[in-house]
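The values are calculated or read from the model by the stated rules, or taken from the named source; none is laboratory data. Quantities reported herein were computed from a predicted structural model and do not represent experimental measurements. Methodologically, a virtual Cβ is constructed for each residue, glycine included, from the backbone with ideal geometry; neighbour enumeration extends over all protein chains shown. Just so you know, the surface numbers come from the protein's heavy atoms only, side chains and all, with ligands and any DNA or RNA stripped out. Shrake-Rupley method; radii C 1.70, N 1.55, O 1.52, S 1.80 Å.
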Amino acid sequence: MADRVTVIGWDGSPLTAAARAALGAATLVAGAAHHLALPEVPPAAERIRLGSVALAARRIAGHRGSAVVLADGDPGFFGVVRTLRSPEFGLEVEVVPAVSSVAAAFARAGMPWDDAQVVVAHRRTLRRAVNVCRAHTKVAVLTSPGAGPAELGLLLAGVHRTFVICEELGTEREQVTVLTSDKAPDHTWRDPNIVIVIGGRSGPAAAAEDTGWLAGRDPAAGPRGWTQPAGAYVGTLGEGESDLLRAAQLARLGPRTGDLVWDIGCGSGAFATEAARAGAAVLAVDHDIDACARTDAAARRFGVQLQIVRGTAPHVLEDLPEPDVVRVGGGGAAVVSAVADRRPRRIVADAATRDAAERIGRDLTEHGYDAECALIQSVELDTRAWTEKERSVAFLLCGVLPDRSP
């Protein structure tokens with residue numbers, strides 16, 4: 001094992017005295033081509049061109065001498081330090097940090113970033129990164145080949161955002177470009193880069209003196225509770241939108257950051273708004289123009305991002321991006337069947353009668369889902385006289401794909 005392993009972050013500025021000293025004593029140096037070309041790298045040191053960090057870590061683990069790993073930005077922030085310190089290699093490292101590429105990108109844009117989401121986009125995680133951009137007003141995306149600004153723009157079709165694209169920060173080829181998301185697919189971008197994605201309606205206004213206390217999304221924004229009372233929404237809520245039924249649906253679906261939720265038959269927008277408050281991206285679908293307007297009003301009131309699609313299910317679903325979880329608030333078994341064909345992880349629906357519940361349950365089972373059903377009854381009481389005010393009864397159905405993680 002190497003006698004000493006030092007990880008040096010580089011942001012284009014001159015190396016610190018500590019970094020120069022570590023490099024001067026190195027017998028092995030790993031980094032990208034522009035790192036290995038630095039004049040401080042000892043001519044006699046063994047050089048490893050970083051492609052796979054895991055392969056480099058194996059070489060370092062078997063090296064006798066002092067090793068240095070050079071990386072762009074802060075190597076402890078979505079960087080090489082995690083891999084080097086993993087139990088597989090057992091390397092103890094000293095870290096000389098630099099300004100992270102995310103911090104540098106926001107500095108170039110002249111924007112604060114303590115309220116930003118930060119995501120990493122690879123080919124396998126690109127869809128989830130896009131969902132974060134749908135759901136939040138300020139997101140920094142660390143890209144990779146095949147998951148860059150063009151791909152982000154293509155998958156954000158129909159959602160207007162502004163891109164601040166930062167290429168090769170800290171080098172002589174540094175370039176910062178500002179354009180709308182629909183224009184990004186028309187260009188060729190250098191990889192990797194940082195994309196700051198901005199847009200959408202802002203959340204509830206914070207007091208001018210409140211400087212925040214938590215990086216990223218503030219969980220205290222808006223009222224407490226998974227669900228809100230009917231009075232929080234415009235108009236009369238439908239039979240399938242009672243507070244307790246919505247709470248049960250949210251509990252079974254578990255919408256979370258990175259998910260795309262379909263709310264089919266969004267009605268008042270209550271469920272769609274509450275799923276968005278959980279951090280998920282939401283597509284709210286309804287054929288009724290008034291329902292779409294109510295849903296938009298609810299989203300504005302709670303300061304969440306929703307994409308509203310007017311159309312009749314199941315036909316309107318054909319062109320929608322792939323969902324993770326789906327609530328079917330209208331359309332019955334026919335819509336549940338069309339949704340199940342798209343293979344989301346979970347589906348919830350409700351029915352007013354046992355016969356309708358059985359039809360939906362059979363359809364879920366035929367599509368390979370584990371079907372569950374519960375009869376939910378709630379009775380609201382007037383606590384002044386302890387008399388019954390309102391009674392709600394519904395069958396709650398949930399389908400879970402058994403071969404995928406929950």
Task: Residues being assigned to a helix (DSSP H, G or I), without any contact (Cβ under 8 Å) to a residue 60 or more places away in the chain and open to solvent by 50 Å² or more (accessible area, probe 1.4 Å) - total across region 13-32 - done: 4
Task: Considering residues of region 33-76 that are acidic (Asp, Glu) and either farther than 30 Å from Cys166 by Cα or outside any loop (DSSP other than H, G, I, E, B) (or both) only, the residue modelled with the lowest pLDDT - done: Asp72
TODO: Can you work out which of the residues in region 336-346 that are of a type in the set (Lys, Arg) and free of Cβ contacts under 8 Å to residues at least 60 places away in the same chain is most open to solvent (accessible area, probe 1.4 Å)?
DONE: Arg343
Open item on the list: Tell me the residue from Ala298, Ala333, Ala284, Ala349 that is closer than 27 Å to Val393 by Cβ, out of contact with any strand residue (DSSP E or B) (no Cβ under 6 Å at 6 or more places or on another chain) and buried (at least 23 other Cβ atoms within 10 Å of the Cβ), please.
Closed with: Ala298
- [ ] Exactly one condition in (1) at positive phi; (2) surrounded by fewer than 16 Cβ atoms within 10 Å (Cβ to Cβ) is not met by Ser378; state its number.
- [x] (1)
Open item on the list: Against the conditions (1) open to solvent by less than 70 Å² (accessible area, probe 1.4 Å); (2) free of Cβ contacts under 8 Å to residues at least 24 places away in the same chain; (3) among the hydrophobic types (A, V, I, L, M, F, W, C), where does Leu55 fall short? Just the number, please.
Closed with: (1)
Task: Single condition Thr137 does not satisfy, out of (1) closer than 21 Å to Arg300 by Cα; (2) touching a Leu at 6+ places or on another chain (Cβ under 7 Å); (3) polar (S, T, N, Q) - done: (2)
Open item on the list: If I filter region 98-130 down to residues being charged (D, E, K, R) and modelled with pLDDT under 95, which single residue comes out as nearest to Gly199 (Cα to Cα)?
Closed with: Asp115
Task: Selection count where residues are touching a Cys at 6+ places or on another chain (Cβ under 8 Å) and part of a helix (DSSP H, G or I), scope region 338-362 - done: 2
Open item on the list: Where the second residue is open to solvent by less than 20 Å² (accessible area, probe 1.4 Å) and not in a loop (DSSP other than H, G, I, E, B) and the first is aromatic (Phe, Trp, Tyr) and lies in region 285-307, which pairs have Cβ atoms under 6 Å and are six or more apart or on separate chains?
Closed with: Phe302/Thr273
Open item on the list: Just the residues that are open to solvent by less than 30 Å² (accessible area, probe 1.4 Å) and more than 20 Å from Leu169 (Cα to Cα), please, taken from region 33-52.
Closed with: Val41, Pro42, Ala45, Ile48
Open item on the list: One residue is enough: does region 53-72 have a residue meeting the conditions of a type in the set (Asp, Glu) and more than 21 Å from Pro97 (Cα to Cα)?
Closed with: no
Open item on the list: Need pairs with beta-carbon distance below 8 Å; first residue closer than 15 Å to Asp243 by Cα and within region 215-226, second at pLDDT 85 or above and not β-branched (Val, Ile, Thr); sequence gap 6+ or separate chains.
Closed with: Pro223/Ala232; Trp226/Arg246; Trp226/Ala247; Trp226/Leu250; Trp226/Ala251; Trp226/Glu274; Trp226/Ala278
- [ ] Pull up region 234-260, narrow it to residues that are assigned to a loop (DSSP other than H, G, I, E, B) and modelled with pLDDT of 90 or more, then point me to the one that is surrounded by the most Cβ atoms within 10 Å (Cβ to Cβ).
- [x] Pro255
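Condition check ((1) assigned to a loop (DSSP other than H, G, I, E, B); (2) surrounded by fewer than 23 Cβ atoms within 10 Å (Cβ to Cβ)) across all residues:
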| residue | (1), (2) |
| --- | --- |
| Phe89 | yes, yes |
| Val102 | no, yes |
| Arg108 | no, yes |
| Asp114 | yes, yes |
| Arg123 | yes, yes |
| Cys133 | no, no |
| Glu151 | no, yes |
TODO: Please state which of the following conditions Glu168 fails to meet, knowing it meets all the rest: (1) surrounded by 15 or more Cβ atoms within 10 Å (Cβ to Cβ); (2) under 21 Å from the mean Cα position of the chain (by Cα).
DONE: (2)
